[in-house]
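The values are calculated or read from the model by the stated rules, or taken from the named source; none is laboratory data. Keep in mind that this is a model prediction, so the values were computed, not measured. When we count neighbours, we look across all protein chains shown, and the Cβ atoms used for this are built from the backbone with ideal geometry, even at glycine. These area figures cover heavy atoms from the full protein model, side chains too; ligands, DNA and RNA do not enter into them. Shrake-Rupley method; radii C 1.70, N 1.55, O 1.52, S 1.80 Å.
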Amino acid sequence: MKKSGLSAAGSKRRRDLIFYCCVLALPVIQYCIFYIGVNFNSVLMAFQSIGIGGNTAFAGFENFARVFNDLFKLPELISSWKNSFVAYSVSLVIGIPLALLFSYFIAKQKPGHKVFSVFLFLPTILPSFSLTMIFRRVVDASIPQLLSDLFGIAMDGLIDNNATAFGTILFYSVWISFGGNVLLYVGAMKGISDSVVEAAELDGATGFREFYYITLPLIYSTIVTFITIGISGIFTNQLALFNFYNVVAPSQLQTFGYYMYAGIAKAQGSLTEYPYYATMGIVFTVIAAPLVFIAKRLLEKYGPSAD
(Lines give C-alpha, C1' and ligand atoms only; values in the text may rest on other atoms or scores of the structure.)
Protein backbone atom coordinates (compact mmCIF):
# COMPACT_ATOMS: atom_id res chain seq x y z
CA MET A 1 0.00 0.00 0.00
CA LYS A 2 2.83 2.32 0.89
CA LYS A 3 4.65 1.57 -2.37
CA SER A 4 1.48 2.19 -4.32
CA GLY A 5 1.13 5.62 -2.65
CA LEU A 6 4.74 6.50 -3.43
CA SER A 7 4.28 5.38 -7.04
CA ALA A 8 1.15 7.54 -7.40
CA ALA A 9 2.98 10.55 -5.91
CA GLY A 10 5.91 10.00 -8.27
CA SER A 11 3.57 9.71 -11.25
CA LYS A 12 1.86 12.97 -10.25
CA ARG A 13 5.20 14.76 -9.99
CA ARG A 14 6.16 13.51 -13.46
CA ARG A 15 2.86 14.75 -14.92
CA ASP A 16 3.33 18.10 -13.22
CA LEU A 17 6.86 18.32 -14.57
CA ILE A 18 5.70 17.50 -18.10
CA PHE A 19 2.95 20.12 -17.86
CA TYR A 20 5.42 22.68 -16.50
CA CYS A 21 7.87 21.97 -19.36
CA CYS A 22 5.11 22.26 -21.96
CA VAL A 23 3.97 25.61 -20.57
CA LEU A 24 7.54 26.96 -20.63
CA ALA A 25 8.51 25.46 -23.98
CA LEU A 26 6.96 28.13 -26.25
CA PRO A 27 8.31 31.23 -24.42
CA VAL A 28 11.75 29.62 -24.06
CA ILE A 29 11.84 28.77 -27.79
CA GLN A 30 10.71 32.30 -28.66
CA TYR A 31 13.38 33.78 -26.39
CA CYS A 32 16.10 31.63 -27.94
CA ILE A 33 15.07 32.46 -31.52
CA PHE A 34 13.95 36.09 -31.32
CA TYR A 35 16.33 37.36 -28.64
CA ILE A 36 19.44 35.21 -28.42
CA GLY A 37 19.43 34.22 -32.09
CA VAL A 38 18.62 37.68 -33.45
CA ASN A 39 21.13 39.46 -31.24
CA PHE A 40 23.85 36.91 -31.96
CA ASN A 41 23.23 37.42 -35.68
CA SER A 42 23.41 41.21 -35.17
CA VAL A 43 26.82 40.89 -33.55
CA LEU A 44 28.04 38.83 -36.51
CA MET A 45 26.59 41.35 -38.98
CA ALA A 46 28.44 44.20 -37.28
CA PHE A 47 31.70 42.75 -38.59
CA GLN A 48 30.42 41.95 -42.08
CA SER A 49 29.67 43.72 -45.31
CA ILE A 50 26.87 42.43 -47.53
CA GLY A 51 26.93 42.99 -51.27
CA ILE A 52 23.97 43.61 -53.55
CA GLY A 53 23.86 39.94 -54.44
CA GLY A 54 23.82 38.93 -50.78
CA ASN A 55 27.49 37.94 -50.65
CA THR A 56 29.06 38.56 -47.25
CA ALA A 57 32.64 39.48 -46.44
CA PHE A 58 34.56 40.26 -43.28
CA ALA A 59 34.60 44.02 -42.75
CA GLY A 60 36.56 44.35 -39.53
CA PHE A 61 35.66 47.58 -37.75
CA GLU A 62 34.59 49.48 -40.88
CA ASN A 63 30.94 49.54 -39.78
CA PHE A 64 31.88 50.90 -36.36
CA ALA A 65 33.98 53.64 -37.95
CA ARG A 66 31.08 54.60 -40.21
CA VAL A 67 28.60 54.66 -37.32
CA PHE A 68 30.80 56.85 -35.11
CA ASN A 69 31.45 59.19 -38.03
CA ASP A 70 27.73 59.51 -38.83
CA LEU A 71 26.70 60.04 -35.20
CA PHE A 72 28.43 63.42 -35.17
CA LYS A 73 28.14 64.49 -38.82
CA LEU A 74 24.78 63.43 -40.28
CA PRO A 75 22.09 66.14 -39.75
CA GLU A 76 19.49 63.51 -38.85
CA LEU A 77 21.69 61.99 -36.14
CA ILE A 78 22.89 65.34 -34.81
CA SER A 79 19.23 66.30 -34.26
CA SER A 80 18.57 62.85 -32.82
CA TRP A 81 20.94 63.47 -29.89
CA LYS A 82 18.83 66.38 -28.69
CA ASN A 83 15.42 64.99 -29.65
CA SER A 84 15.95 61.57 -28.05
CA PHE A 85 17.12 62.98 -24.73
CA VAL A 86 14.43 65.69 -24.73
CA ALA A 87 11.79 63.02 -25.33
CA TYR A 88 13.05 60.99 -22.36
CA SER A 89 13.31 64.08 -20.15
CA VAL A 90 9.71 65.06 -20.92
CA SER A 91 8.56 61.52 -20.16
CA LEU A 92 10.52 61.55 -16.89
CA VAL A 93 9.56 65.02 -15.66
CA ILE A 94 6.00 65.25 -16.99
CA GLY A 95 4.82 61.82 -18.12
CA ILE A 96 5.64 59.77 -15.00
CA PRO A 97 4.34 62.31 -12.42
CA LEU A 98 1.09 62.80 -14.34
CA ALA A 99 0.65 59.04 -14.75
CA LEU A 100 1.13 58.60 -11.00
CA LEU A 101 -1.45 61.28 -10.19
CA PHE A 102 -3.95 59.86 -12.69
CA SER A 103 -3.36 56.35 -11.30
CA TYR A 104 -3.95 57.54 -7.73
CA PHE A 105 -7.17 59.25 -8.82
CA ILE A 106 -8.40 56.02 -10.43
CA ALA A 107 -7.16 53.68 -7.67
CA LYS A 108 -8.95 55.76 -4.99
CA GLN A 109 -12.10 55.67 -7.16
CA LYS A 110 -12.68 59.39 -7.03
CA PRO A 111 -15.87 60.77 -8.64
CA GLY A 112 -15.66 60.51 -12.43
CA HIS A 113 -12.79 58.01 -12.39
CA LYS A 114 -14.56 55.64 -14.80
CA VAL A 115 -15.04 58.29 -17.48
CA PHE A 116 -11.49 59.48 -16.89
CA SER A 117 -10.22 55.91 -17.34
CA VAL A 118 -11.92 55.63 -20.72
CA PHE A 119 -10.10 58.70 -22.05
CA LEU A 120 -6.77 57.44 -20.71
CA PHE A 121 -7.10 53.91 -22.07
CA LEU A 122 -8.69 54.89 -25.40
CA PRO A 123 -5.31 55.28 -27.18
CA THR A 124 -4.43 51.67 -26.29
CA ILE A 125 -7.70 50.38 -27.75
CA LEU A 126 -7.63 52.11 -31.15
CA PRO A 127 -5.14 50.98 -33.83
CA SER A 128 -2.06 53.20 -33.69
CA PHE A 129 -2.25 54.35 -37.32
CA SER A 130 -5.95 55.23 -37.00
CA LEU A 131 -5.27 57.18 -33.81
CA THR A 132 -2.39 59.03 -35.47
CA MET A 133 -4.57 60.01 -38.44
CA ILE A 134 -7.33 61.25 -36.12
CA PHE A 135 -4.88 63.22 -34.00
CA ARG A 136 -3.21 64.80 -37.03
CA ARG A 137 -6.59 65.73 -38.48
CA VAL A 138 -7.52 67.48 -35.22
CA VAL A 139 -4.27 69.44 -34.77
CA ASP A 140 -3.69 70.28 -38.42
CA ALA A 141 -7.24 71.03 -39.55
CA SER A 142 -9.82 71.21 -36.77
CA ILE A 143 -7.94 73.41 -34.30
CA PRO A 144 -6.82 76.01 -36.92
CA GLN A 145 -10.36 76.10 -38.35
CA LEU A 146 -11.86 76.51 -34.88
CA LEU A 147 -9.54 79.40 -34.00
CA SER A 148 -10.26 81.04 -37.34
CA ASP A 149 -14.04 80.76 -36.88
CA LEU A 150 -14.10 81.93 -33.26
CA PHE A 151 -11.35 84.53 -33.10
CA GLY A 152 -10.36 85.21 -36.71
CA ILE A 153 -6.86 83.86 -36.03
CA ALA A 154 -5.11 82.37 -39.05
CA MET A 155 -2.57 79.69 -38.20
CA ASP A 156 -0.88 76.68 -39.72
CA GLY A 157 -1.51 73.18 -38.47
CA LEU A 158 0.48 72.27 -35.36
CA ILE A 159 2.33 69.45 -37.13
CA ASP A 160 2.57 71.22 -40.49
CA ASN A 161 4.28 74.13 -38.72
CA ASN A 162 7.96 73.35 -38.09
CA ALA A 163 7.98 75.58 -35.00
CA THR A 164 5.28 73.51 -33.23
CA ALA A 165 5.68 70.06 -34.82
CA PHE A 166 8.11 68.56 -32.32
CA GLY A 167 6.22 69.83 -29.27
CA THR A 168 2.94 68.50 -30.66
CA ILE A 169 4.44 65.07 -31.34
CA LEU A 170 5.94 65.04 -27.83
CA PHE A 171 2.47 65.75 -26.42
CA TYR A 172 1.04 62.89 -28.49
CA SER A 173 3.78 60.52 -27.33
CA VAL A 174 3.18 61.30 -23.65
CA TRP A 175 -0.58 61.06 -24.06
CA ILE A 176 -0.61 57.63 -25.69
CA SER A 177 1.81 56.29 -23.06
CA PHE A 178 -0.64 56.94 -20.21
CA GLY A 179 -2.77 53.87 -20.89
CA GLY A 180 -0.15 51.19 -20.23
CA ASN A 181 1.64 53.18 -17.52
CA VAL A 182 -1.54 53.94 -15.59
CA LEU A 183 -2.68 50.31 -15.84
CA LEU A 184 0.49 49.08 -14.12
CA TYR A 185 0.57 51.87 -11.55
CA VAL A 186 -3.06 51.25 -10.60
CA GLY A 187 -2.31 47.54 -10.25
CA ALA A 188 0.60 48.31 -7.93
CA MET A 189 -1.54 50.74 -5.88
CA LYS A 190 -4.33 48.18 -5.58
CA GLY A 191 -1.78 45.79 -4.08
CA ILE A 192 -1.18 48.07 -1.08
CA SER A 193 -2.66 46.53 2.07
CA ASP A 194 -5.92 48.11 3.19
CA SER A 195 -4.71 47.99 6.79
CA VAL A 196 -1.81 50.31 5.94
CA VAL A 197 -4.14 52.82 4.27
CA GLU A 198 -6.64 52.63 7.12
CA ALA A 199 -3.89 53.20 9.70
CA ALA A 200 -2.76 56.30 7.80
CA GLU A 201 -6.33 57.62 7.65
CA LEU A 202 -6.77 57.04 11.40
CA ASP A 203 -3.60 59.06 11.98
CA GLY A 204 -5.21 61.92 10.06
CA ALA A 205 -3.28 61.63 6.81
CA THR A 206 -4.75 63.75 4.03
CA GLY A 207 -4.95 62.55 0.44
CA PHE A 208 -1.67 64.23 -0.49
CA ARG A 209 0.18 62.89 2.57
CA GLU A 210 -1.15 59.41 1.93
CA PHE A 211 -0.02 59.63 -1.69
CA TYR A 212 3.44 60.97 -0.81
CA TYR A 213 4.26 58.99 2.33
CA ILE A 214 2.36 55.75 1.78
CA THR A 215 1.61 55.15 -1.89
CA LEU A 216 4.84 56.31 -3.52
CA PRO A 217 7.22 54.38 -1.23
CA LEU A 218 5.17 51.18 -1.55
CA ILE A 219 5.10 51.28 -5.36
CA TYR A 220 8.62 52.70 -5.71
CA SER A 221 9.96 49.52 -7.31
CA THR A 222 7.42 49.94 -10.14
CA ILE A 223 8.49 53.56 -10.61
CA VAL A 224 12.15 52.52 -10.76
CA THR A 225 11.25 49.97 -13.44
CA PHE A 226 9.61 52.63 -15.63
CA ILE A 227 12.52 55.05 -15.19
CA THR A 228 15.15 52.46 -16.11
CA ILE A 229 13.12 51.14 -19.04
CA GLY A 230 12.85 54.73 -20.24
CA ILE A 231 16.64 55.07 -20.17
CA SER A 232 17.04 51.93 -22.24
CA GLY A 233 14.45 53.33 -24.66
CA ILE A 234 16.32 56.59 -25.31
CA PHE A 235 17.92 55.00 -28.37
CA THR A 236 14.85 53.06 -29.55
CA ASN A 237 11.93 55.46 -29.02
CA GLN A 238 10.74 56.72 -32.43
CA LEU A 239 7.99 59.01 -31.03
CA ALA A 240 5.45 57.58 -33.51
CA LEU A 241 7.22 59.57 -36.23
CA PHE A 242 6.83 56.69 -38.66
CA ASN A 243 3.05 56.88 -38.19
CA PHE A 244 3.06 60.62 -38.92
CA TYR A 245 5.64 60.83 -41.70
CA ASN A 246 6.38 57.29 -42.90
CA VAL A 247 10.08 57.35 -43.94
CA VAL A 248 10.30 61.06 -44.78
CA ALA A 249 10.24 62.76 -41.38
CA PRO A 250 12.15 66.10 -41.36
CA SER A 251 15.69 65.70 -40.07
CA GLN A 252 15.12 68.20 -37.24
CA LEU A 253 12.40 65.94 -35.77
CA GLN A 254 14.13 62.58 -35.96
CA THR A 255 15.20 60.42 -33.03
CA PHE A 256 17.66 57.53 -32.95
CA GLY A 257 14.80 55.04 -32.87
CA TYR A 258 13.15 56.57 -35.92
CA TYR A 259 16.42 56.83 -37.83
CA MET A 260 17.05 53.09 -37.51
CA TYR A 261 13.40 52.13 -38.05
CA ALA A 262 13.06 54.27 -41.18
CA GLY A 263 16.46 53.14 -42.44
CA ILE A 264 15.42 49.49 -42.37
CA ALA A 265 12.08 50.39 -43.99
CA LYS A 266 13.85 52.26 -46.78
CA ALA A 267 16.06 49.23 -47.45
CA GLN A 268 12.94 47.39 -48.69
CA GLY A 269 14.36 43.94 -48.08
CA SER A 270 17.90 44.68 -49.27
CA LEU A 271 20.51 43.39 -46.82
CA THR A 272 23.30 45.77 -47.79
CA GLU A 273 22.57 48.28 -44.98
CA TYR A 274 21.77 45.70 -42.31
CA PRO A 275 25.35 45.52 -40.97
CA TYR A 276 25.36 49.30 -40.51
CA TYR A 277 22.16 49.31 -38.47
CA ALA A 278 23.22 46.21 -36.54
CA THR A 279 26.42 48.03 -35.58
CA MET A 280 24.46 51.11 -34.56
CA GLY A 281 22.27 48.96 -32.32
CA ILE A 282 25.35 47.50 -30.62
CA VAL A 283 26.87 50.96 -30.09
CA PHE A 284 23.63 52.23 -28.53
CA THR A 285 23.44 49.14 -26.30
CA VAL A 286 26.98 49.71 -25.06
CA ILE A 287 26.05 53.32 -24.22
CA ALA A 288 22.65 52.59 -22.66
CA ALA A 289 23.47 49.48 -20.58
CA PRO A 290 25.82 51.21 -18.09
CA LEU A 291 23.37 54.13 -17.77
CA VAL A 292 20.56 51.72 -16.89
CA PHE A 293 22.58 49.87 -14.22
CA ILE A 294 23.95 53.09 -12.70
CA ALA A 295 20.49 54.71 -12.60
CA LYS A 296 18.94 51.60 -11.06
CA ARG A 297 21.63 51.42 -8.40
CA LEU A 298 21.28 55.11 -7.49
CA LEU A 299 17.48 55.00 -7.45
CA GLU A 300 17.45 51.96 -5.17
CA LYS A 301 20.12 53.40 -2.88
CA TYR A 302 18.70 56.90 -2.45
CA GLY A 303 15.01 56.32 -3.06
CA PRO A 304 12.30 56.09 -0.39
CA SER A 305 12.06 52.95 1.71
CA ALA A 306 8.82 50.98 2.04
CA ASP A 307 9.61 50.54 5.73
Could you check region 119-131 and list, in sequence order, the residues that are modelled with pLDDT under 80, farther than 26 Å from SER193 by Cα and in a helix (DSSP H, G or I)?
PHE119, LEU122, PRO123, THR124, ILE125
Looking at VAL182, VAL186 in this structure, which one is open to solvent by less than 70 Å² (accessible area, probe 1.4 Å), in contact with a Phe, Trp or Tyr (Cβ under 7 Å, 6 or more places away or on another chain), at pLDDT below 90 and among the β-branched types (Val, Ile, Thr)?
VAL182
Exactly one condition in (1) surrounded by fewer than 14 Cβ atoms within 10 Å (Cβ to Cβ); (2) part of a helix (DSSP H, G or I) is false for PHE226; which is it?
(1)
Among (1) under 24 Å from THR124 (Cβ atoms); (2) without any contact (Cβ under 8 Å) to a residue 40 or more places away in the chain; (3) open to solvent by 20 Å² or more (accessible area, probe 1.4 Å), which single condition is ALA249 missing?
(3)
Working only within region 195-223, note down all residues that are open to solvent by 60 Å² or more (accessible area, probe 1.4 Å) and free of Cβ contacts under 8 Å to residues at least 40 places away in the same chain.
SER195, GLU198, GLU201, LEU202, ASP203, THR206, PHE208, ARG209, TYR212, TYR213, SER221
Would it be correct to say that ILE52 is touching a residue at least 12 places away in the same chain (Cβ under 8 Å), more than 18 Å from the chain's Cα centre (by Cα) and over 20 Å from GLN238 (Cβ atoms)?
yes
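Which residues, counting only those in region 266-283, are free of Cβ contacts under 8 Å to residues at least 24 places away in the same chain and surrounded by 13 or more Cβ atoms within 10 Å (Cβ to Cβ)? Quick ask: steps written out before the conclusion?
Step one: list which residues in region 266-283 are free of Cβ contacts under 8 Å to residues at least 24 places away in the same chain, which gives 266-269, 273, 277.
Residues satisfying the conditions are ALA267, GLU273, TYR277.
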Being of a type in the set (Gly, Ala, Ser), crowded, with 16+ Cβ neighbours inside 10 Å and in a helix (DSSP H, G or I): is that true of SER148 here?
no
Pull up region 57-107, narrow it to residues that are among the β-branched types (Val, Ile, Thr) and over 16 Å from the mean Cα position of the chain (by Cα), then point me to the one that is modelled with the lowest pLDDT.
ILE106
